[in-house]
Structures are given as structure tokens and as C-alpha cells.
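These notes concern the structure reproduced below.
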């Protein structure tokens, strides 16, 4: 009888996801990487990928921005779902698994539908990987966002963090964080990583009190993760104009348990909202947008200086499937019984 070791049995449960070399996998090359449907009423300076349908108005300018990342500028649909893309193609190529292209091609790219529309990468694997990244960031220890807006007779705001530590944010309406004044929550691969956790209720307080929020001190060795934690039922809105100056390409917003995410002002930094539909209101988004769905009403910017994420990403947390885990436990019991006999 052929013998199987415990290791060979349990190896069935090990899951690996292949992804590109960018920090956000294949999504690093796209301005918006959307698992479901994407609709646009403004232009995107980088490539778009969607697992559902892509729709655009006649004013939509889909084009490649010649940034430092050397993106392909492809607008594509994975999964073979029907698509209807309108607008003006300035640069790059359109790849549609199905549907039709109803916009204008200004001669800078090609329209590929059906058999010619194969895009590289396994979209399902990318989605699994990115959800694992979101989970890994959410599980990191961080500082709970807690700002006292009554500090100094309401003129200054005070950030409380750690064990009785405080950081004076200098103004009430315009919050200015210098992350170098904080202690990094994680130091790995030569990178200091700062993690802020904002609950839905704390975000409401922030929206009511702050017109602007600015993060300084970020660079290739100082990265910022911001976990925005919802209740799983209600959507969240980010109202303050959010800026990170030259460090926006090292800022990653991770929205968890938020069915919808609405941005109402200029938003600099990349958005990881794997379970959410992002609704862009006023203001451009300067960075990668990774979400379950996207309703775009203003520009998406993609070049390195405008926020494409260049920072460190923790290893994706990929849970072991329950049936496989049960198989592994069963194998342990079988081996234990054999040893006793």
C-alpha cells in the first residue's frame, strides 16, 4: 500500500496566489482595478481594469498618462461580461471581452473585442491576493484615531495615541500630522510603517470638524496605512480634503466593512476597498483605486508624483479553506490512532 506522509496530506491546504512584482500586484499598473462594475463621467489618466462592465459618457477621456511606471494604458474587462465603453480614447488600447465600444478613437490606440481581448493575469487570483493584503493590513497593531477638538479653547486639535502620548496638530480645522513624531507600529524591510485605525464614528467626528487633513514626513522608508473600519451595514464618507504632499505615493487607505466609500474632496493616496463600491464626488483621486465597484465623477490621476502606491505591502493573509483544514485535522487523528495501535 502506498504511504502518504502527514506533510503531503496537509500540503493540499496550502494556497498560493501568483501576482506581479508591483506592491499591489497586477493592480499596481492600473489607475482603477475594480472587481465588479465601473462607470465613468470623467477621465482617467491611467489604465482601467474591471471584472464586470465598463461604462462611460461621451465626455469621458480614457487615456494613458506617460508616468514613470511605464504603464500599458490598457482599458480592459476581465471575465467575459458584456461591456459598453463610451468616450474619447486619447492613448492606449481598449480590450473588451464582450459588448461594444461607442466612443471615439483619436488614432492613438486600438479597439480589441472578443478573441483579441485577452489580458494578462488571472483576475480571480488578483482579487484573492488583494483581499488578503487588505486583511493583513487590518490585522496590524495601530493607533486608534482619537482627536480632541476642544484643546486650547478649541483653537488646536490634539491627537491621543499610545499610552498617554499626544501630538499637537496645531489647528482645529486643518489637521497636520507629521508621522515622524510618532513611533512606528511596524519596522520591516528597512521601512517604518505607521498604522492609524479610524472607526466609522470617529470618521463622522473628523468630517464634522476638519476641512483638511495633511500627513507629512512620508517617503520610501516611512509608509502610512489608514484602516477605516465600518460596521458592515452603513457606508462611509470621507469629507476633508486629504493631502500627503510628496508622500501620497506612500499612503494606503484600507476600507474594511464599508459597503460604500464616498469621497467628497481632493483625495491623495491610494484606496484599497476590496469589499466596497467607491463613489467619487467632488475632487480628483490621486492614486490607485482598488475596489469592488467604482462610480467615477472626477479625474483619476496615475503618475508617480500624484500618488500611485510605491510603498511596502505586508504579505497577504490567505485563510486556509475550511474543508481542507478539516481534512488536515482528520489526517492528524488517523495518524494518532495508528500510532496508538
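Structural remarks
- Within region 177-262, strands (runs of 3 or more DSSP E) holding 1 or more residues that are farther than 19 Å from residue 166 by Cα and modelled with pLDDT of 95 or more: 186-188, 191-199, 222-229, 236-238, 251-256
- Residue match in region 195-210 (condition: closer than 16 Å to residue 309 by Cβ, in contact with a helix residue (DSSP H, G or I) (Cβ under 6 Å, 6 or more places away or on another chain) and touching a residue at least 40 places away in the same chain (Cβ under 8 Å)): no
- Taking region 145-179 as the range and being in contact (Cβ under 8 Å) with a residue 24 or more places away in the chain and surrounded by fewer than 14 Cβ atoms within 10 Å (Cβ to Cβ) as the test, only 173 passes.
- Residue 136 at pLDDT 90 or above, closer than 28 Å to residue 33 by Cβ and not in a strand (DSSP E or B): yes
- Residue match in region 113-123 (condition: assigned to a strand (DSSP E or B), surrounded by 15 or more Cβ atoms within 10 Å (Cβ to Cβ) and either at pLDDT below 90 or touching a strand residue (DSSP E or B) at 6+ places or on another chain (Cβ under 7 Å) (or both)): yes
- Of all residues in region 26-47 being in contact (Cβ under 8 Å) with a residue 60 or more places away in the chain, in a helix (DSSP H, G or I) and touching a strand residue (DSSP E or B) at 6+ places or on another chain (Cβ under 9 Å), the one that is surrounded by the most Cβ atoms within 10 Å (Cβ to Cβ): 27
The values are calculated or read from the model by the stated rules, or taken from the named source; none is laboratory data. Predicted model only: the values in this text are computed from it and were never measured. Heads up, the Cβs are rebuilt from the backbone with ideal geometry, glycines too, and the neighbour counts pull from every protein chain shown.
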